[in-house]
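Notes follow once the structure below has been shown.
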Amino acid sequence: MSLCTNCGIATDRCNTIGRRRLEDEMILSIVQEWVAPQTVNDNDFICQACWKHANAISLDKSISEESVRAPSIGHRRVCIHCGRSLLRRVRCHQLRTGEVQERRIHEVIREWILPRTVGASSVICHSCWVQANKASRNFHSGPSTSGSSSLVVNELNSQDIPHLEELPTTQGTYSALSAPIIGNLIVLPDYYRAVETESRCFVEGCQGHERNRITLTMRKQLLKMYNYYVPANNRLCDIHLTCTSWNFISDISDNIINTFSANQIQDMFSLKE
Ligand SMILES: [Zn+2]
Ligand SMILES: [Zn+2]
Ligand SMILES: [Zn+2]
C-alpha cells in the first residue's frame with residue numbers, strides 16, 4: 001500500500017490517481033513545508049493531484065512565501081489509515097475523543113499511522129473502524145464498552161475531483177533547535193520500534209496466528225543489533241519466535257516508526273543494562 005505523503009490517498013487503489021516521486025527539489029521543498037513537522041525526502045512520493053498543486057506553486061513566481069506555506073491537499077476525505085477516498089457514499093467515521101470507545105479507537109489509529117498524526121478532521125472508513133474497534137479491546141485492560149455507538153457519516157455531496165482545502169491548524173509548531181516532538185512522542189532518528197500490539201505478531205505484514213510472548217533476551221538483542229525496540233508485551237508467531245536472523249528488519253522501509261514515548265525510552269535504557 002502506498003499513500004500520498006501529503007494527502008494520504010492510497011495511490012495504488014485506483015490507477016487514475018497516479019503518483020510522482022519527489023525528485024524535483026523545488027517541489028520537494030514545497031511539500032516539506034506542507035507536511036512539517038513530518039519530514040520528506042526524494043524517495044517519497046505524492047499523488048498526481050498534490051503534485052499539480054505543488055508544481056503550479058513552483059512555476060508561479062508571483063505567489064508569495066505565505067501561500068507556499070499554506071498546506072494544500074489534492075484529495076480530501078481520505079481514510080487516514082488505509083488511504084481510500086471517502087467521497088462517494090462510503091461509510092466513514094470521524095475520529096473523536098468524546099466517549100470511551102471513541103478515545104480507544106482514536107488511540108489505536110494514532111498508533112497505527114505513526115509517524116503521521118491524527119488531525120481534528122481526520123476520518124476513517126468503516127472497515128478500518130471495525131478493525132480498530134477490535135484492536136482496541138486488546139489494547140487496553142480496562143472494562144470493555146463494546147456496543148456503544150459512534151457517529152457514522154454518509155457523505156454523498158462534493159465531487160471527487162481534486163481541490164484545495166486548508167488543513168486544520170492543530171499541528172504543533174516545529175522548532176529546529178529542539179529535538180522533534182510529535183504530541184508526547186520524541187523522535188529518535190537512529191532508533192526504531194515495533195508497533196505496540198498484543199493482538200498479533202508484531203512483524204509488519206506477518207499473518208502468523210500464534211501470540212507467543214517475546215523474550216527479554218530477544219528484546220535486548222534486537223535493540224543492540226538493530227537499534228530496534230520491541231515493547232515488552234508484544235507477541236510473535238512461531239516462525240518469528242524462532243527465526244535467527246532479523247536482517248529483514250532493516251528492509252522494512254514502509255513502516256518505520258521512530259517516535260517514542262517517555263516510558264518506551266526508559267524501557268530501552270533498562271534493556272541496555
Ligand atoms: Zn495527494
Ligand atoms: Zn480505511
Ligand atoms: Zn510473525
Per residue, how much accessible surface does the stretch 181-272 expose to a 1.4 Å probe? Answer in Å², no decimals. 57
Taking all protein chains as present, what is the carbon and sulfur share of the accessible area of the stretch 1-73, in % to the nearest whole number, probe 1.4 Å? 48
For 193, 235, 96, 76, the accessible-area ranking with a 1.4 Å probe, largest leading, is 96, 76, 235, 193
Round to the nearest 10 and report in Å² the accessible area of residue 225, as given by a 1.4 Å probe over the protein chains' heavy atoms. 130
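Evaluate E = 1/(1 + (r/R0)^6) for residue 2 and residue 216, where r is the Cβ-Cβ distance and R0 equals 45 Å; express this FRET efficiency to the nearest 0.05. Write down the numbers at each step before the final one.
Working: r = 36 Å, r/R0 = 0.80.
Computed FRET efficiency for residue 2 and residue 216: 0.80.
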Rounded to the nearest 0.05, what FRET efficiency is calculated for residue 242 and residue 138 with R0 set to 25 Å and r the Cβ-Cβ distance? 0.60
Could you state how much accessible area residue 29 has, in square angstrom rounded to the nearest 10, with a 1.4 Å probe and all protein chains kept in place? 60
Net +/- balance of residues flanking residue 40 in space, Cβ distance below 14 Å, scoring K and R +1, D and E -1: -2
Counting only heavy atoms of protein chains, what accessible area per residue, in Å², does the stretch 1-73 have with a probe of 1.4 Å? 55
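The values are calculated or read from the model by the stated rules, or taken from the named source; none is laboratory data. All of these numbers come straight from a predicted model, not from anything done at the bench. Counting neighbours? That spans all protein chains shown, and the Cβs are built from the backbone with ideal geometry, glycine included. Remember, those area values only see protein heavy atoms, side chains included, never the ligands or the DNA or RNA. Shrake-Rupley method; radii C 1.70, N 1.55, O 1.52, S 1.80 Å.
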